[in-house]
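Right, one structure below, let's go through it.
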Amino acid sequence: MSEVYIRSQDREGLFVVSSATVIAIGKEEVVCTKEESNCIFLHTEKAMYKLAKYESRERCVEVLNEIQDVCGRYLYAAGNSGLMRGTGATPPMAANIPRVYLMPET
């Protein structure tokens, strides 16, 4: 996975997500108070950051699905057969590029 940058809901944090990072919905008894049971947290080896808070757990899951979609994107070029005079065939190409995900406010 190439780098994905996630901007926190309050717009005060920009996090680089790597393969060693975990993004999870907060569970009341583990990471947050009762008021924060519908939060999305970013866990690293050294710290935990609250990325966003939503009205329901279902909305948290929707946002995680959006992040997953962003992480799975890549730049794709189909290539060509080189039919034009003086050009050679170009093979298809796929490349990972850095992506930014802005946490939705609601």
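Every read-out reported here was derived from the displayed coordinates using simple, explicitly stated rules and does not represent laboratory data. On a predicted model such as this, the values are computed, not experimentally measured, just so you know. All Cβ positions, even for glycine, are placed from backbone atoms using ideal geometry, and neighbour counts span all protein chains on display.
Of note:
- Scanning the stretch 35-70 for residues that are of a type outside the set (Ser, Thr, Tyr) and surrounded by 18 or more Cβ atoms within 10 Å (Cβ to Cβ) yields Asn38, Cys39, Ile40, Phe41, Leu42, Leu51, Ala52, Lys53, Cys60, Val63, Ile67.
- Every listed requirement among (1) touching a strand residue (DSSP E or B) at 6+ places or on another chain (Cβ under 7 Å); (2) on the phi > 0 side of the Ramachandran plot is met by Gly86 save one, (1).
- Within the stretch 77-103, tally of residues that are within 30 Å of Ala52 (Cβ to Cβ) and surrounded by 10 or more Cβ atoms within 10 Å (Cβ to Cβ): 6
- Of all residues in the stretch 73-106, those satisfying the criterion of being in contact (Cβ under 8 Å) with a residue 60 or more places away in the chain and among the hydrophobic types (A, V, I, L, M, F, W, C) are Ile97, Val100, Leu102, Met103.
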